[in-house]
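Everything on this sheet refers to the single structure shown next.
The values are calculated or read from the model by the stated rules, or taken from the named source; none is laboratory data. It should be emphasised that the depicted structure is a prediction, and the values quoted were computed from it without experimental measurement. Please note: Cβ atoms are built from the backbone with ideal geometry, for glycine as well, and neighbour counts cover all protein chains shown. Accessible surface areas use protein heavy atoms only, side chains included; no ligands, DNA or RNA. Shrake-Rupley method; radii C 1.70, N 1.55, O 1.52, S 1.80 Å.
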Amino acid sequence: MGVAKAWRFSLTPAAAKLALLHNGYNNGEKKQVLSLKSSATATTITKTTSSLSQRKQTVSWSWSWSLVCGLMLFGLGLISLFTGHVASDLEWYSQRLVKNTLYYSKLNGNGREAIDVWKSKYSKFYYGCSQRGPRYAPAVKERASNGYLLIATSGGLNQQRTGITDAVVVARILNATLVVPELDHHSYWKDDSDFIHIFDVDWFMSYLAKDVTIVRRVPEKVMRNMDKPPYTMRVPRKSEPEYYIEQVLPILLRRRVVQLTKFDYRLSSNLDDELQKLRCRVNYHALKFTKSIHELGQKLVMRMRRMEKRFIAVHLRFEPDMLAFSGCYYGGGDKERYEFAEIRKRWATLPDLNAEEERKRGKCPLTPHEVGLMLRALGFANDTYLYVASGEIYGGDETLRPLRELFPNFYTKEMLANEELKPFLPFSSRLAAIDYIVSDESDVFVTNNNGNMAKILAGRRRYMGHKRTIRPNAKRLSALFMARDQMDWDTFAKKVKSCQKGFMGDPDEMKPGRGEFHEFPETCVCEKPFKDIAKSNDGNLLTAGKTKSTYSVENPGEKARHMSMKRKIGKDRISVGDNEDDEIFAD
């Protein structure tokens, strides 16, 4: 296949040049004939003699050029025959030299290429990489550690997941023994599930054994020898490693056991590469769901795929608590305002917000109807299968009705699993875990706000091969939806596509300093070497989505280079207004 491509690639310009030579010769001969008819006999003979001489020179030059081309083609064919990489490498080089990505598989009226809404064509160039470096120190043994670190997480499942991930990193920073983190039982959802009910604790401890020593509980002997109860403290949000060393470590050394409370987003996004890779190992490998949760989640995925090969998972995030927290208004009158005001009372420090201003800033989740319109405008047909990951939808079936009309093949976990779901119904975190699995396995994942599940899944899908993840550019889309009655559908669809540039989960969206590391794990996404791209094109090596590195830590020189943040496959797609809030809402 490589040979054929190489020959095809090389013959085209050679054939074109030979054709130009022949055309030049024919045109020259016609001019000579015209000249003969209009000139005297002696002059004509002279010109004819000159023409014959030129023809001999042209033919001679043509044969010489043909010989050179033939030798070049023969050499290229031999190289391609023995390596099989010529065409693939040329293709790879051409991709890297592209200056303007054609955003809009078919050409539209503007002559631009339409985006493949199901998969990024550049995803095959990258893979997840989180292996330890050659100088990575082994985990400190329990007896030699600086003490025991207790972690009390906060919020819903995915917010707690960020806390667990960062807890492992903090334990590494402090050379502490980590006690299996405690989950939040007092949040809005009132879920009393413990770590062992959601995550495979044995896998968690064994997978991270080379990074951090983890125990199920503080040993009884240590507890008996303590003069005082464990010291409890809450660190500021997004604290640097230096803060933990300067403020937490002295207390840990003195007291032996320290508990950090409300532990969510308490560690900076900016860490050195080894600590960032540890984050990825925890989040994408060590945190594995229990067997019962995993099996049910996979059953739902298989049931979706039996109906249709490809499907979209939509995280609507249109629950009453989310809408109340956002400070937005959706036209429900005094009843809606009263209900949201009552819910907002649970956050004592929540400021008063102007609903109209919040919508202009892009802080309001889209309605289910608006999500459906966006997807149809992007090019998803009405026979596309949707899996809707959501809790209680504000307004119930009436709110969902427009989305069902746009996409009749509409499914939820409740629709796909009846009796099987009953054991999980009392536990919101376990239900959220099932939605997490199906959303992660979907061909396209659509978020409706930049909450915790959206960030965590977006980062994981980037790590797992840049699977298509669509995040609405709510700031620009909100204004467009308000004016949609003033334009025809084609104009609306064109504007939606324009709004969504840079929000489709493509590799070039990974920019330094953009968002949380959990959403943009740039340190853990590596570029594949040319040879691997060539082999994967022929189906002989890793395909897109595989995360296992083929490089040994003993040979760091062979490691795939870290993704260059300056590399631009396409135009800059980031909206100027794409800022992140420090306040994180639990989900």
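Note on segment 210-268: Rg/Rh from Cα positions, Kirkwood definition for Rh, rounded to two decimals, is 0.99.
Peptide packing: for 450-463, 290-303, 351-364, the average count of neighbouring Cβ atoms within 10 Å per residue gives the ranking 450-463, 290-303, 351-364, highest mean first.
Using a probe radius of 1.4 Å on heavy atoms only, what accessible surface per residue do you get for segment 245-402? Whole Å² is fine. Each step should come with its number before you reach the end.
Values: 7120 Å² over 158 residues.
Accessible area per residue, segment 245-402: 45 Å².
Counting only protein heavy atoms and using a 1.4 Å probe, what share of the accessible area of segment 338-391 belongs to carbon plus sulfur, as a whole percent?
47 percent
Computed from phi, the 3J(HN,Hα) profile of segment 392-404 under the Karplus parametrisation 6.51, -1.76, 1.60 (θ = phi - 60°) reads 5, 8, 5, x, x, 4, 5, 5, 7, 3, x, 5, 5 Hz, with x in place of Gly and Pro.
Highest mean first, how do 419-432, 213-226 rank when packing is the count of other Cβ atoms within 10 Å averaged over residues? Intermediate values should be presented prior to the final figure.
Working: 419-432: 16.2, 213-226: 13.1.
The packing order, highest mean first, is 419-432, 213-226.
Computed with every protein chain present, the accessible area of Val140 is close to 50 Å² [probe 1.4 Å].
Listed peptides 308-320, 231-243, 170-182, 262-274 appear in the order 170-182, 308-320, 262-274, 231-243 once ranked by packing, highest mean of other Cβ atoms within 10 Å at the front. What a 1.4 Å probe finds exposed on segment 404-542 is 49% carbon and sulfur by accessible area, rounded to a whole percent.
What is segment 145-295 by shape, rounded, prolate or oblate, if you read a ≥ b ≥ c off the alpha carbon gyration tensor as root eigenvalues and call it rounded for a/c under 1.5, prolate for a/b larger than b/c, and oblate otherwise? Don't skip to the end; give the middle numbers.
Numbers: a/c = 1.41, a/b = 1.23, b/c = 1.15.
Since a/c stays below 1.5, the shape of segment 145-295 is classed as rounded.
The string of couplings for segment 438-452 from the Karplus curve (6.51, -1.76, 1.60, θ = phi - 60°) is 5, 5, 5, 7, 5, 6, 9, 10, 10, 9, 10, 7, 9, x, 5 Hz, one whole number per residue in order, with x for Gly and Pro. From the square roots a ≥ b ≥ c of the eigenvalues of the alpha-carbon gyration tensor of segment 410-513, which class results: rounded (a/c under 1.5), prolate (a/b over b/c), or oblate? The shape class here is oblate.
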